[in-house]
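J.: Here you go, one structure.
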Amino acid sequence: MKKLVALAAMLAMALTVSACGSNGGGSGNDGGNSGTDAAKTLIVYQNKAEVTTPMQDYAEKWGADNGVKVVVKTCTGSCDYGAAMKADINAGETPDIFVIEGITGYNLYKDIMEPMDGEAWVDQTQYEFVQDGKVYGYPVAVEGYGLAYNAEILEKAGVDPKTLTNLPAYEEAFAKIDGMKDELGLTAVVSLVSAEGSTWVLGNHNFAGYLSSGLAYDDTSVTDMALKGEVDAARLSTYADWVELLFNYTDKKMLTVNSNDEQMAEFGAGKYAFLHQGTWADQPVLEAGGTFKMGFAPHAPLGAEETNGLFAGAPSWYCLNKDSANLDLAKKFLNDLCFSEEGQKMMTEEVGLVSAFENNTHRPTGPLSSALADWIEQGGTAYSFTNQYSLPDGFNMNTLGPIYGQFALGNIDKATFIQMFADAIATLGK
Amino acid sequence: MAAKKKTLTSRKRADRLTYMLFLAPALLSFLLVIAVPFFMGIYFSLTNWTGITQSGFDFVGLQNYINSIKDIRFQYSSMITIVFALINFISVNVVAFSLALLVSSKIKGRNIYRTGFFLPNLIGGIVLGYIWQFIFNNVLISIGENYGISLLANTFFLTDPKLAVLALVIAGTWQYAGYIMMIYYTALQNVPKELLESADLDGANAWQRLRHITIPMIMPAFTVALFLTLSSSFKSYDVVMSLTNGGPSMLWQGQAIKATELISVNIYNTASVNNLMAEGQARAVMLFVVLVVVSVIQTSITKRKEIES
């Protein structure tokens, strides 16, 4: 009897401990055998799926030329980069080059980050990550989003995307397209999802409309207010109108149960006129057969007030581990990535990203990335790409996410939606 | 006499050394892999550790535990985990025991059934979750549309909090029942045929034979099966992550929260998404304590019912 109880307790202990252990672990995709021959190995730990193979090929050649073995590790999709980094750091295997996605990453890793002021690449970009007057991050690319549209469908429906700069214009256009759904072969007007697990887009990209639309690129006033727990009531009210409009023109299945994968694929298949995603959707949209012409229209979260900018900027930055045994090689790796023809081509034409560097004239071929590259070339307005990431970790997905979900399911009305947002933001001030 | 005694003790000593040597590998790995991290975990739950060793951290006492208990989402997670665990616990065992009776009867093709029922257990929980997500989001709906069953066509299982819990139970049972069935099946093979035959001759019907002979004879299997299902139900994680991801959202005490965020998912979200590593650890410690208490109670109850043989 006693033995059995002891055994049960032991088993329970073993099971819980291992369960908790694996929670923090994450599943890194190891690109090679790290750890061996540490002095001659440069570990690049990045988080973009599309970068993996091209960078591995590039790094292999670069490594051969520079007498070092470069291991490109990737953690993307269901792999939790933050958790995997923690595991690596605690295991004493901190990568030489790693990725941050903004101020949160900086705060997590600032103790191990090497400043890069004076590096040659810094003069070629306006997107480097700067904190306290020091350069800490090499911009991986420029990404951006607005409301992506299928230009062919808009043309058939007689909607000029250039007119989509405020809420009344969108209301009119959505109603017009909605009335022609059968004729155009559409399921609904907008492809947008709110299911749990896919709330990143709403909580971050859509919420950016409240935080940054219509403001100067470096204007953080609304974000600062939110961090103090204060709400700009007028902005929040027109923002709720915008969310309501988007939800009203998305079908129930897409809005409430589908995932981001289906959201992008169905747009690519021509079943929706608009897609609430950004340049990163190129690959899935193309795979679903989306070869039609696309563009981005600005979000309209300010009601009748005109908004003419896209949210664009560097999504992530490469950072250096200051304790790296190969710090000089790591710096050279980044400079070569910026200046060498191979590096420039790899990041743009092969990977399909818009370069953050002025000296790089190569362009990506993906339809959405091309649209953004055009926008940048034409000197289009940009709104902050990062304000939403200064909110505490998990706030956007775990706190705001379910509120969007309730609004999408029709369980709360717009007034409650606004009130719950105000309440949620108020908790930030504590 | 004295000399003999001496040789005995020295042999005893040598024996003890041998035992220790044999024990050492298991004991050492247990200490290193389980005991040490476990106590480190308890220690970290009393600090404000963020998951990075270099940053340093301060001792904050029971603050993480207090914050957790005050957190509405954690309260809801604890409650829904208990509800889910109970339903899942009953569902898995009822299905598993019925299947075990089925495959140990003389039914045709029982070997195929045995393998078939066990098969879902070989599919990883993540894959299984996606399979069932597809069934709930697409298959059921298109069946409803094609056969004109409007209830099926218009019900999104995963948007209703109650149905979403049910969906988790269905997927969980589908995955785990085959495994538990094997435990019951093995035990059923060891029930002496003579007992059943003589009961049959005495006029006991099938239900009476099951109730008064088979079930008491396989009580040890119940102890094991109930323990396994109870602890695994409390710790369900992978199926939840891929099937519902904590969704749908729901209103609870005036806040919008995730309806199927079971406690292990809540621990993950706290530790890795909200980046409150120490608070997540504190919640894991609480889960551990609850699990030990529940398991000890359950095993001592079922153990009492076992027949001493």
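The values are calculated or read from the model by the stated rules, or taken from the named source; none is laboratory data. Since the model is a prediction, treat every value here as computed from it, not as a measurement. Cβ sites come from the backbone with ideal geometry, for glycine too, and all protein chains shown count toward neighbours.
J.: Can you spot a residue in region A:132-153 that is modelled with pLDDT of 95 or more, among the hydrophobic types (A, V, I, L, M, F, W, C) and over 27 Å from residue A:351 (Cα atoms)?
T.: yes
J.: Looking at B:119, B:158, which one is at pLDDT 90 or above, surrounded by fewer than 14 Cβ atoms within 10 Å (Cβ to Cβ) and either in contact with a Cys (Cβ under 7 Å, 6 or more places away or on another chain) or among the aliphatic types (A, V, I, L, M) (or both)?
T.: It is B:119.
J.: Which one of B:272, B:233 is more than 8 Å from chain A (Cβ to nearest Cβ) and among the small types (Gly, Ala, Ser)?
T.: After applying the criteria, what remains is B:233.
J.: Of the residues that make up region A:134-148, is at least one crowded, with 22+ Cβ neighbours inside 10 Å and within 14 Å of chain B (Cβ to nearest Cβ)?
T.: No, there is no match, as no residue in region A:134-148 is crowded, with 22+ Cβ neighbours inside 10 Å and within 14 Å of chain B (Cβ to nearest Cβ).
J.: Of all residues in region A:377-398, which are surrounded by fewer than 16 Cβ atoms within 10 Å (Cβ to Cβ) and more than 14 Å from chain B (Cβ to nearest Cβ)?
T.: A:377, A:378, A:379, A:381
J.: Check residue A:250 against each of (1) part of a loop (DSSP other than H, G, I, E, B); (2) modelled with pLDDT under 95 and name the one condition it does not meet.
T.: The single condition residue A:250 does not satisfy is (2).
J.: Could you pull out every one of the helices (runs of 4 or more DSSP H) wholly within region B:137-244 that has 1 or more residues that are under 16 Å from the mean Cα position of the chain (by Cα)?
T.: Correct list: B:161-189, B:219-234, B:238-243.
J.: Of the conditions (1) assigned to a helix (DSSP H, G or I); (2) modelled with pLDDT of 90 or more; (3) closer than 30 Å to residue A:224 by Cα; (4) under 16 Å from the mean Cα position of the chain (by Cα), residue A:369 fails just one. Which one is it?
T.: Of everything listed in (1) assigned to a helix (DSSP H, G or I); (2) modelled with pLDDT of 90 or more; (3) closer than 30 Å to residue A:224 by Cα; (4) under 16 Å from the mean Cα position of the chain (by Cα), residue A:369 misses just condition (3).
J.: For residue A:92, all conditions in the list (1) under 20 Å from the mean Cα position of the chain (by Cα); (2) at pLDDT below 90 hold save one; what is the number of the exception?
T.: All conditions pass for residue A:92, except number (1).
J.: Same structure again: Inspect all residues belonging to region B:21-43 and state whether any of them is more than 12 Å from every other protein chain (Cβ to nearest Cβ) and under 30 Å from residue A:110 (Cβ atoms).
T.: For region B:21-43, residues more than 12 Å from every other protein chain (Cβ to nearest Cβ) and under 30 Å from residue A:110 (Cβ atoms): present.
J.: Follow-up. Between a first residue in region B:117-134 that is touching a residue at least 60 places away in the same chain (Cβ under 8 Å) and farther than 10 Å from residue B:172 by Cα and a second residue that is surrounded by fewer than 15 Cβ atoms within 10 Å (Cβ to Cβ) and not aromatic (Phe, Trp, Tyr), which pairs have beta carbons less than 9 Å apart while being 6 or more apart in sequence or on different chains?
T.: Hits for this filter: B:126/A:78.
J.: Can I ask one more? Among the residues that make up region A:410-417, is at least one of them surrounded by 20 or more Cβ atoms within 10 Å (Cβ to Cβ) and farther than 30 Å from residue A:124 by Cα?
T.: yes
J.: Taking the condition more than 7 Å from chain A (Cβ to nearest Cβ) and surrounded by fewer than 24 Cβ atoms within 10 Å (Cβ to Cβ), does residue B:302 pass?
T.: In short, yes.
J.: Something else: If you take just the helices (runs of 4 or more DSSP H) that sit entirely in region A:158-230, which of them hold at least 2 residues that are over 17 Å from the mean Cα position of the chain (by Cα) and over 17 Å from residue A:277 (Cβ atoms)? Can you show your working first?
T.: Values: elements: A:167-179, A:181-184, A:208-212, A:221-227.
Where helices (runs of 4 or more DSSP H) fall fully within region A:158-230 and carry at least 2 residues being over 17 Å from the mean Cα position of the chain (by Cα) and over 17 Å from residue A:277 (Cβ atoms), they are A:167-179, A:181-184, A:221-227.
J.: How about region A:199-226: which of its residues are on the phi > 0 side of the Ramachandran plot and crowded, with 21+ Cβ neighbours inside 10 Å?
T.: Step one: list which residues in region A:199-226 are on the phi > 0 side of the Ramachandran plot, which gives A:214.
Residues satisfying the conditions do not exist here.
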